[in-house]
Amino acid sequence: MSNQEQQLLQTLRAHVGEQATAVVARDPVNLPTIRNWCDAIGDTNPVYTEVDESDIEAPAAMLDVWTMAGNIPRSYDPNDPRNKVFALLNKAGYRTVVGANTKEIYCRPLRLGELLTGKMTLIDVSDLKTTGLGCGYFVSTLTEFTNQQGELVGSWEFRTFSFKPRERSSKGSKDRQPVPEHLQVRPRPGKMQETEFFWDGCDQGELRIQQCNGCERLAHPPVVRCPECGSYDLGHRAASGKATLHAFVEPVHPPMPFMQYPYICGVVELEEGTRLITNIVHCAPEQVEIGMPLELVFQQPDPDLTLPMFRPAVPSINKTTLNFDDLQEGQTLPLYPIDVTTNLVVGGAIATRDFEDIHHEVAAAKRAGLKDVFMNVLTTNGICARYVSEWAGPDARVKEIDIRLGAPNVVGDTMTLSATLVSKQRVDGKGRVTLNLRVANSMGNHVTGTVTLEFPTQAAAGGSL
Amino acid sequence: MPRNSLHDIAIIATHNTRQARRLEGENDMSLIMEAIRGVIAQAGIKATDIDGVNVNTPVWGLSPREASQLLGTQPRWVGNDFMGIAAVMEAAGAIATGQAEMVLVGSAQAGEYGGGGAVAPWTRPTHEFVESYGLYTAAEFAFSAQRHMHLYGTKQEALAEVAATVRNNGARHPLASCYGKDPITADDVLASRMVASPFHLLDCCLTSEGGAALLITTAERARDLDVDPIYILGAGTDRQGLSYTRAPVWDTYGAIGQRAAKRAYGQAGMGPGDIDVCEFYDPFSFEIIRQFETFGFCDLGEGGDFVMDGNIGLDGKFPIVTNGGLMSFGHAGTVQMLQKVIAAVEQLAGRVPDALKVPGAEVAMATNGGSAALFCDVMILGREQLQ
């Protein structure tokens with residue numbers, strides 16, 4: 001590191017330990033804000049909205065929401081050590097800032113009427129680091145939340161990366177042979193008069209399977225005579241879209257210029273009892289296994305080509321809480337694909353009181369180099385909490401979310417959540433479970449990290465009798 | 001056992017050209033002419049003795065009808081252009097019904113793949129319900145292999161053992177594309193790059209150039225010639241649809257070829273235990289395992305163990321693909337299917353390098369096609385004519 005950089009680091013680190021002016025929430029924990037958040041995130045746990053007001057708990061992942069400034073002109077806090085550090089970094093050329101890690105610890109569920117105060121401290125500035133994005137400094141803050149009695153209810157550690165973007169090299173692209181035009185898009189299906197119903201169905205969002213009007217036998221690919229009863233009177237029916245994976249292959253070589261790698265070819269078995277060849281999408285090759293439940297999703301790999309494809313079926317919500325004793329280390333949670341829609345991104349941003357323009361204004365997102373608005377961290381946090389909670393059941397509580405932030409969740413993409421149970425133990429008569437979490441989208445990992453859940457145990461249930 | 005007119009038919013001459021990834025200076029016309037002249041010389045006949053022809057040259061684009069003019073003769077009978085066991089059966093049928101007496105079957109291909117020599121990736125460009133999903137031949141065959149591994153616990157090592165065995169045979173055949181290559185082990189197969197899970201590069205056939213031909217006639221005519229006739233003992237076909245168009249999954253198409261084998265066994269009055277040489281179709285390593293099960297050499301699901309138990313080497317009970325097959329001998333156009341019959345004939349007639357000889361081989365089985373191709377043809381050949 002140069003002398004200049006060492007001096008910079010010294011100046012930056014001089015602010016470590018400084019505290020910003022405490023922020024008191026504008027409103028106490030309240031039901032309308034909770035409802036709004038649950039609507040936006042899609043969390044339906046009844047304990048947030050459906051029980052007697054005295055029993056209502058605020059979703060743990062809302063911890064930061066209460067003290068967010070909201071859409072009001074921010075007054076500059078002269079004491080804010082992070083602002084000071086960012087100003088110094090900006091001056092030194094480290095002008096781009098991205099979120100790197102977020103770790104939230106929830107001491108206990110919040111109740112209606114609690115008024116939170118957040119106190120942020122600058123806790124660390126890293127050495128000069130070089131990452132895939134460029135070189136720069138990681139800046140960490142810790143915000144501790146207390147209620148009106150001064151009781152610590154949770155904390156939020158946030159790590160950002162201020163960097164000089166790396167110069168992109170265009171080396172190598174010159175040597176490559178240009179891909180002929182006809183191989184830049186997928187081969188178009190050679191449609192026939194007899195199979196038009198299938199492709200018409202695709203255009204209308206319906207997967208059509210040929211069915212004999214005589215004996216009702218299904219056939220795919222379509223036939224001209226029923227192999228069962230011999231009838232030539234053939235119609236079709238719409239498939240429900242529910243299927244399981246019968247077999248799959250990950251083709252890797254030779255390269256298909258029109259495919260996005262990696263990709264999976266699958267033979268899926270439809271609920272109706274016939275099979276078709278398709279692509280399995282919205283999950284990584286290593287997450288694919290024979291027998292996995294799938295759901296239909298129409299995709300447009302090229303603008304004028306609509307193909308029926310399949311992805312992991314959205315798991316159902318566990319209405320009863322899993323028994324802690326039944327949980328096994330190493331077990332995996334079902335994959336959960338969620339489409340990143342404008343509704344989800346904008347709704348999530350506003351419900352978490354994040355009014356940064358990049359989360360609701362396409363032009364602003366484009367200025368930031370992305371093709372559409374993208375999800376804010378608090379929405380991601382909320383969806384991660386919802387994912388593990390829907391698996392665990394209504395009585396399990398999220399205690400900690402510790403994640404590393406990666407590829408942005410841009411509108412039009414699909415985020416797929418997955419998790420593995422890595423440890424379970426009893427703490428103070430309750431069951432603690434740690435899950436390794438991964439949320440992936442088409443650009444890579446959106447987040448990776450851990451979530452800790454607390455389960456009621458038999459002993460605790462016995463005690464309340 | 002009922003007498004079958006197939007039993008009066010013999011293959012009296014075979015010729016393979018040199019096979020290679022690329023045969024510089026050759027085209028399919030030069031190769032087919034070499035093969036034709038080779039069989040004529042071997043049989044000691046005149047070109048004008050040939051009165052039936054089934055020859056094609058895919059790159060030149062000559063159909064059998066057009067190619068029949070190559071000899072400058074006027075054949076009485078012309079076959080269809082589907083090569084391999086089906087072509088030999090068709091010719092045998094024509095001879096048995098008196099439409100021809102001496103039939104030439106052959107094919108050659110060169111120049112199709114240019115200099116690249118890679119596996120042709122878009123082998124099936126016109127299949128409505130598969131083509132848009134990034135599938136190709138290796139991937140379609142892999143479905144079946146993967147399902148078998150899932151159901152029966154078949155191991156990658158078993159597939160690799162097959163590939164290593166076949167390739168080591170080809171490395172010792174002077175005409176093979178891979179002649180002279182160093183011996184490999186199953187570990188080398190597993191260490192080769194992945195193509196389409198579970199197939200590594202060395203689990204897959206190659207693409208190459210080359211040609212071959214054979215002559216078929218009556219057993220009676222064969223006796224008048226100075227040749228080593230090899231007799232057709234039984235044959236059968238199994239066709240289940242247009243290749244590469246359907247989900248080629250194990251439980252639907254895994255047993256493809258069973259009907260063909262049953263018919264062939266029935267005609268020959270034989271079972272798997274009577275087979276001395278297995279010139280099975282080897283587009284991908286798993287297909288050998290599948291065929292051992294499908295043809296009754298072992299029980300369903302036990303093919304993996306079967307190939308690991310020392311059965312398939314040249315000194316084993318059921319030596320496989322003794323010329324190196326599609327993986328290392330040659331895989332040119334459709335002639336590679338005919339070369340399965342030729343491999344069986346040459347092994348029985350003793351026209352193979354000493355290093356590849358299966359001592360005392362009396363009966364051989366040749367096969368074409370596999371599960372993703374949705375067809376599988378079987379032919380049993382023997383040194384002795386069935387009486």
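The values are calculated or read from the model by the stated rules, or taken from the named source; none is laboratory data. This is a predicted model, so every value here is computed, not measured. Note: ideal-geometry Cβ built from the backbone for every residue, glycine included; neighbour counts use all protein chains shown.
Could you please find all residues in segment A:414-429 being closer than 25 Å to A:Ala313 by Cα and surrounded by fewer than 20 Cβ atoms within 10 Å (Cβ to Cβ)? Give the derivation first.
Step one: list which residues in segment A:414-429 are closer than 25 Å to A:Ala313 by Cα, which gives A:414-422.
Within segment A:414-429, A:Thr414, A:Thr420, A:Leu421, A:Val422 qualify.
Given the criterion modelled with pLDDT under 95 and either basic (Lys, Arg) or over 22 Å from A:Leu63 (Cα atoms) (or both), identify the matching residue among A:Val411, A:Val427.
Working: A:Val411 fails: modelled with pLDDT under 95.
So the residue among A:Val411, A:Val427 that is modelled with pLDDT under 95 and either basic (Lys, Arg) or over 22 Å from A:Leu63 (Cα atoms) (or both) is A:Val427.
Would you mind finding the one in B:Gly98, B:Gly111 that is in a loop (DSSP other than H, G, I, E, B), farther than 30 Å from A:Leu276 by Cβ and either at pLDDT below 85 or not assigned by TED's automatic domain parsing to the domain that holds B:Gln19 (or both)? Lay out the reasoning, then the answer.
Working: B:Gly98 fails: either at pLDDT below 85 or not assigned by TED's automatic domain parsing to the domain that holds B:Gln19 (or both).
When all the criteria are applied, what remains is B:Gly111.
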ask   = Do any helices (runs of 4 or more DSSP H) entirely within segment A:316-416 hold 1 or more residues that are touching a residue at least 12 places away in the same chain (Cβ under 8 Å) and under 21 Å from A:Arg35 (Cβ atoms), and if so, which?
value = A:342-351, A:377-392
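What residue, of A:Ala407, A:Ala440, is of a type in the set (Gly, Ala, Ser), in the same structural domain as A:Thr332 (by TED's automatic domain parsing) and surrounded by 21 or more Cβ atoms within 10 Å (Cβ to Cβ)? Steps first, please.
Working: A:Ala407 fails: surrounded by 21 or more Cβ atoms within 10 Å (Cβ to Cβ).
Result: A:Ala440 is the single residue among A:Ala407, A:Ala440 that is of a type in the set (Gly, Ala, Ser), in the same structural domain as A:Thr332 (by TED's automatic domain parsing) and surrounded by 21 or more Cβ atoms within 10 Å (Cβ to Cβ).
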inquiry  = I'm told A:Ile209 meets every condition in (1) surrounded by 13 or more Cβ atoms within 10 Å (Cβ to Cβ); (2) outside any strand (DSSP E or B); (3) of a type outside the set (D, E, K, R) except one. Can you identify the failing condition by its number?
reply    = (2)
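Looking at segment A:157-172, is at least one residue within 14 Å of chain B (Cβ to nearest Cβ), farther than 26 Å from B:Ala145 by Cα and surrounded by fewer than 21 Cβ atoms within 10 Å (Cβ to Cβ)? Full working, then the answer.
As a first pass, look at segment A:157-172 and keep what is within 14 Å of chain B (Cβ to nearest Cβ): none.
No - not one qualifying residue is present in segment A:157-172.
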message = I'd like to check which strands (runs of 3 or more DSSP E) are fully inside segment A:101-194 and have at least 3 residues that are touching a Cys at 6+ places or on another chain (Cβ under 8 Å) and in the same structural domain as A:Lys84 (by TED's automatic domain parsing).
response = A:152-165
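Select from segment B:146-156 the residues that are assigned to a helix (DSSP H, G or I) and closer than 15 Å to B:Ser197 by Cβ and write down the one among them that is farthest from the other protein chains (Cβ to nearest Cβ).
First, the residues of segment B:146-156 that are assigned to a helix (DSSP H, G or I): B:146-152, B:156.
After this cut, where a residue has to be closer than 15 Å to B:Ser197 by Cβ as well, the list is B:146-150, B:156.
Values: B:Gln146: 5, B:Arg147: 5, B:His148: 10, B:Met149: 10, B:His150: 5, B:Gln156: 14 Å.
Ranking the qualifying residues of segment B:146-156, first place goes to B:Gln156.
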request  = Select, from A:Pro262, A:Pro254, the only residue that is outside any strand (DSSP E or B) and either more than 21 Å from B:Ala138 (Cβ to Cβ) or within 7 Å of another protein chain (Cβ to nearest Cβ) (or both).
outcome  = A:Pro254
request  = Filter segment B:255-272 down to the residues that are out of contact with any Phe, Trp or Tyr (no Cβ under 8 Å at 6 or more places or on another chain) and in a loop (DSSP other than H, G, I, E, B), then identify the one that is farthest from B:Glu90 (Cα to Cα).
outcome  = B:Ala255
task = Please indicate, with yes or no, whether at least one residue in segment B:208-219 is in the same structural domain as B:Phe141 (by TED's automatic domain parsing), surrounded by fewer than 23 Cβ atoms within 10 Å (Cβ to Cβ) and among the small types (Gly, Ala, Ser).
result = no
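Conditions tested, residue by residue: (1) at pLDDT 95 or above; (2) surrounded by fewer than 22 Cβ atoms within 10 Å (Cβ to Cβ); (3) closer than 20 Å to A:Asn101 by Cβ.
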{"residue": "A:Leu335", "(1), (2), (3)": "yes, no, no"}
{"residue": "A:Thr342", "(1), (2), (3)": "yes, yes, no"}
{"residue": "A:Gly348", "(1), (2), (3)": "yes, no, yes"}
{"residue": "A:Arg353", "(1), (2), (3)": "no, yes, no"}
{"residue": "A:Asp357", "(1), (2), (3)": "no, yes, no"}
{"residue": "A:Gly369", "(1), (2), (3)": "no, yes, no"}
task = Output the residues belonging to segment A:289-305 that are at the interface with another protein chain (Cβ under 10 Å from one of its Cβ atoms) and either of a type in the set (Val, Ile, Thr) or part of a loop (DSSP other than H, G, I, E, B) (or both).
result = A:Glu289, A:Ile290, A:Gly291
ask   = Can you tell me how many residues in segment B:3-35 are modelled with pLDDT under 95 and either β-branched (Val, Ile, Thr) or assigned to a loop (DSSP other than H, G, I, E, B) (or both)?
value = 10
note = Selection over segment B:229-254 where residues are touching a residue at least 24 places away in the same chain (Cβ under 8 Å), outside any loop (DSSP other than H, G, I, E, B), of a type outside the set (A, V, I, L, M, F, W, C) and facing chain A (nearest Cβ under 9 Å) yields a count of 1
task = Of the conditions (1) part of a strand (DSSP E or B); (2) closer than 20 Å to B:Asp8 by Cα, B:Asn56 clears all except one; give me its number.
result = (2)
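Residues are listed down the side, and each one gets a yes or a no for (1) more than 17 Å from A:Asp302 (Cα to Cα); (2) surrounded by fewer than 19 Cβ atoms within 10 Å (Cβ to Cβ); (3) touching a strand residue (DSSP E or B) at 6+ places or on another chain (Cβ under 6 Å):
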site: A:Ala247; (1), (2), (3): yes, no, yes
site: A:Glu250; (1), (2), (3): yes, no, yes
site: A:Pro257; (1), (2), (3): no, yes, no
site: A:Gln260; (1), (2), (3): no, yes, no
site: A:Cys265; (1), (2), (3): yes, no, yes
site: A:Val268; (1), (2), (3): yes, no, yes
site: A:Thr278; (1), (2), (3): no, no, yes
site: A:Cys283; (1), (2), (3): yes, no, yes
request  = Can you run down the residue pairs with Cβ atoms below 6 Å, 6 or more apart or on separate chains, where the first is in segment A:20-36 and farther than 15 Å from A:Ala58 by Cα and the partner is among the hydroxyl-bearing types (Ser, Thr, Tyr)?
outcome  = A:Ala22/A:Thr117; A:Val23/A:Thr67; A:Val24/A:Thr117
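Just to be sure, is B:Glu131 touching a Pro at 6+ places or on another chain (Cβ under 9 Å), within 26 Å of B:Val39 (Cα to Cα), at pLDDT below 95 and surrounded by fewer than 23 Cβ atoms within 10 Å (Cβ to Cβ)? Working first, answer last.
Working: touching a Pro at 6+ places or on another chain (Cβ under 9 Å): yes; within 26 Å of B:Val39 (Cα to Cα): no; at pLDDT below 95: yes; surrounded by fewer than 23 Cβ atoms within 10 Å (Cβ to Cβ): yes.
It is false that B:Glu131 is touching a Pro at 6+ places or on another chain (Cβ under 9 Å), within 26 Å of B:Val39 (Cα to Cα), at pLDDT below 95 and surrounded by fewer than 23 Cβ atoms within 10 Å (Cβ to Cβ).
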request  = Scan A:Gly214, A:Gly241, A:Gly235 and give me the residue that is within 27 Å of the chain's Cα centre (by Cα) and more than 14 Å from every other protein chain (Cβ to nearest Cβ).
outcome  = A:Gly241
query = For segment B:343-354, what are the residues that are hydrophobic (A, V, I, L, M, F, W, C) and surrounded by 24 or more Cβ atoms within 10 Å (Cβ to Cβ)?
reply = B:Ala343, B:Ala344, B:Val345, B:Leu348
message = Condition check: more than 27 Å from A:Arg311 (Cα to Cα) and not aromatic (Phe, Trp, Tyr). Does A:Gln177 satisfy that?
response = yes
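This table checks each residue for (1) outside the structural domain of B:Met149 (by TED's automatic domain parsing); (2) in a helix (DSSP H, G or I); (3) crowded, with 24+ Cβ neighbours inside 10 Å.
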{"site": "B:Phe286", "(1), (2), (3)": "no, yes, yes"}
{"site": "B:Asp299", "(1), (2), (3)": "no, no, no"}
{"site": "B:Gly304", "(1), (2), (3)": "no, yes, yes"}
{"site": "B:Asn311", "(1), (2), (3)": "no, no, no"}
{"site": "B:Leu314", "(1), (2), (3)": "no, no, no"}
{"site": "B:Ala332", "(1), (2), (3)": "no, no, yes"}
{"site": "B:Gln336", "(1), (2), (3)": "no, yes, yes"}
